[in-house]
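Accompanying notes for the structure given below.
The values are calculated or read from the model by the stated rules, or taken from the named source; none is laboratory data. Keep in mind the model is a prediction, meaning the values are calculated, not measured. Note: ideal-geometry Cβ built from the backbone for every residue, glycine included; neighbour counts use all protein chains shown. Accessible surface is based on the protein model in full, side chains and every heavy atom, while ligands, DNA and RNA are left aside. Shrake-Rupley method; radii C 1.70, N 1.55, O 1.52, S 1.80 Å.
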Amino acid sequence: MAARGQAAQRPAVHPKGGEVAISSPLDVAETHISRLFFVDDRVYKLKKPIVTGFVDFSSETARRLACEREVELNRRLAPDVYLGVATLLGPEGAVCEHLVVMRRLPAETRLSTRVTGGIDVSGDLERIAACVARFHAEAPTSEEIARHGDATAVLGRWHANTKEMQSLSPELLDHARVARIDALAARYIAGRTPLFAARIAVGKVRDGHGDLLADDIFCLDDGPRIIDCLEFDDHLRYADVVEDVAFLAMDLERLGAPALAQAFLSAYCEAAQDALPESLQQLYIAYRAQVRAKVAAIRAGQGLGGAGEARRLLDLCEGHLHQAQVRVVLVGGAPGVGKSALSEALGRRSGWTILRSDAVRRELLGPPVPTGYGEARYAPAAVDSVYAELGERARRAAVMGESVILDASWRRQTHRDAAARVATETSSELVELRCVAPPELVARRVAERSLSGHDLSEATPEIAEHLAADSDPWRSAITVDTTASPESTAEGVLTLLGCP
């Protein structure tokens with residue numbers, strides 16, 4: 001949020017085309033790299049002569065070029081707002097500064113003002129989402145741009161922010177927490193290299209806006225005006241399009257409107273016809289919160305306030321990183337203990353992909369035929385093939401950012417060890433759930449399922465009895481009593497796992 005005040009002086013500006021003397025009182029707003037002067041129906045933006053880890057505005061030439069670049073880039077989304085670059089003259093007529101000249105937009109139409117004022121912005125968000133989707137569809141891409149979306153580049157940006165944040169005073173940011181957040185992000189990214197490559201392959205890394213904040217979006221009757229893109233470093237605009245929209249989602253959540261953040265993301269995905277894993281959205285929301293926390297801390301270091309805001313943004317960042325973490329969830333136990341019902345309830349509540357051994361068995365081995373325990377499709381080699389396929393499908397899902405629920409008996413330690421290797425190799429969290437229920441309830445469930453003939457499970461009461469008796473100890477699992485309804489049991493499991 002820009003800091004406002006009254007300017008003590010009234011500078012004269014020499015815009016291209018003639019001189020203009022400013023005689024009316026000025027309102028002034030300030031960001032960490034700019035000052036803005038509000039005069040009648042115009043805004044004049046001046047670059048501060050500063051050097052930071054991401055800008056060097058120490059020379060007059062650098063500031064002029066930055067102003068020209070800002071106008072050029074922002075005309076992509078708001079051509080009628082960015083009017084040009086003006087030159088500020090000193091007392092003797094010498095050039096001393098340059099300013100971006102903009103049309104002043106009504107403050108009451110600012111998206112952040114409307115959100116904090118409790119105004120219904122659902123229609124505005126749909127129009128903004130459509131506008132940004134069109135912008136991204138037309139935005140340039142190239143091999144140079146695309147490489148900024150691969151796993152190495154994304155991780156590099158996280159590390160660069162972390163390094164800069166740790167160069168600030170620990171009174172502004174907790175350095176240990178900043179490092180912990182960096183490690184969480186690194187873990188997600190390390191296991192998702194194929195996902196980032198896939199996003200590049202379908203052209204989703206573009207030259208975007210780079211700084212999509214609610215303060216910089218104005219909801220006018222003839223459509224939104226989106227201003228103030230990131231102009232000082234092209235590379236920081238080169239990113240996956242979802243990273244761009246995640247900035248606004250993060251900002252809406254910062255303003256106390258998480259439901260609006262999700263509504264905006266959904267509207268964008270629909271407008272752009274872009275289906276992407278929830279975990280990737282969470283990663284980029286966290287990244288944008290990290291960036292904004294860094295900016296708030298820099299402002300605080302300049303005496304502009306914002307230390308508390310930086311800490312709150314780190315809270316938001318860390319929370320979304322925990323939501324982003326990919327999980328490989330083993331839901332096991334003997335036939336009739338309710339593992340499939342629990343798996344389905346977990347899937348409904350979390351959106352995680354469900355992989356069921358019974359379904360995989362039919363795909364690999366064909367329809368069921370009467371057989372005894374340990375024979376034919378239940379012979380050890382056949383069982384191993386089913387678990388191997390489950391593990392391979394789990395791996396493919398995990399590297400693409402999808403958490404998976406693996407519904408099987410998980411009787412053998414060797415199969416559980418293989419699943420653990422999948423989780424480790426994809427930098428995912430392994431969750432082991434062993435379902436139990438009272439014997440009479442288990443027996444009733446198995447009998448009812450056998451009589452119905454509609455369930456994928458092939459376990460007869462006799463086979464179920466053998467399977468229950470022939471299982472390796474599973475001491476690493478969380479024991480889950482499934483006596484209650486699947487929905488309430490799933491709610492308890494997700495709470496235990498710290499999942500919203």
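Every condition in (1) open to solvent by 50 Å² or more (accessible area, probe 1.4 Å); (2) at pLDDT 90 or above; (3) not hydrophobic (A, V, I, L, M, F, W, C) is met by Lys45 except one, and the failing one is (1).
With respect to Ile119, determine if the residue is without any contact (Cβ under 8 Å) to a residue 12 or more places away in the chain and either within 21 Å of Ile285 (Cα to Cα) or more than 19 Å from the chain's Cα centre (by Cα) (or both). Taking the combined requirement at face value, the residue satisfies it.
Suppose we keep only residues that are touching a residue at least 60 places away in the same chain (Cβ under 8 Å) and open to solvent by 40 Å² or more (accessible area, probe 1.4 Å) within the stretch 216-235. Which one would you say is farthest from Arg63 (Cα to Cα)? Out of the qualifying residues, it is His235.
Based on this model, can you work out whether Val13 counts as modelled with pLDDT of 50 or more, part of a strand (DSSP E or B) and open to solvent by less than 90 Å² (accessible area, probe 1.4 Å)? The answer is no for Val13.
Contact map, the stretch 381-410: first residue among the basic types (Lys, Arg), second residue not in a loop (DSSP other than H, G, I, E, B), Cβ cut-off under 6 Å, separation 6 or more or different chains; pairs are Arg393/Leu355; Arg395/Val422.
Yes/no matrix, rows are residues, columns are (1) of a type in the set (Phe, Trp, Tyr); (2) more than 21 Å from His320 (Cβ to Cβ):
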position	(1), (2)
Pro170	no, yes
Asp174	no, no
Tyr188	yes, no
Gly191	no, no
Ile200	no, yes
Gly223	no, yes
Leu236	no, no
Val242	no, no
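The residues in the stretch 98-122 that are part of a helix (DSSP H, G or I) and at pLDDT below 95 can be counted, and the count is 1.
Tyr238 meets the stated requirement of being touching a residue at least 40 places away in the same chain (Cβ under 8 Å) and in contact with a strand residue (DSSP E or B) (Cβ under 7 Å, 6 or more places away or on another chain).
Candidates are the residues of the stretch 71-97 that are under 21 Å from Asp56 (Cβ atoms) and modelled with pLDDT under 95; the one that is most open to solvent (accessible area, probe 1.4 Å) is Val95. Pairing each residue of the stretch 36-54 that is at positive phi with any residue that is assigned to a strand (DSSP E or B) and crowded, with 18+ Cβ neighbours inside 10 Å, provided the two are 6+ apart or on different chains, yields no C-beta distance under 8 Å.
Listed here are the residues, each with its yes/no results for (1) more than 14 Å from the chain's Cα centre (by Cα); (2) assigned to a helix (DSSP H, G or I); (3) buried (at least 24 other Cβ atoms within 10 Å of the Cβ).
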residue: Asp244; (1), (2), (3): no, yes, yes
residue: Leu248; (1), (2), (3): no, yes, yes
residue: Ala261; (1), (2), (3): no, yes, no
residue: Glu270; (1), (2), (3): yes, yes, no
residue: Leu280; (1), (2), (3): no, yes, no
residue: Leu283; (1), (2), (3): no, yes, yes
residue: Arg288; (1), (2), (3): no, yes, yes
residue: Lys294; (1), (2), (3): yes, yes, yes
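Taking the stretch 299-412 as the region of interest, the helices (runs of 4 or more DSSP H) fully inside it that hold 3 or more residues being of a type in the set (Asp, Glu) and open to solvent by 30 Å² or more (accessible area, probe 1.4 Å) are 380-399. Restricted to the stretch 134-215, the set of helices (runs of 4 or more DSSP H) holding at least 1 residues that are touching an Asp or Glu at 6+ places or on another chain (Cβ under 9 Å) and surrounded by fewer than 18 Cβ atoms within 10 Å (Cβ to Cβ) comprises 151-166, 175-190, 193-201.
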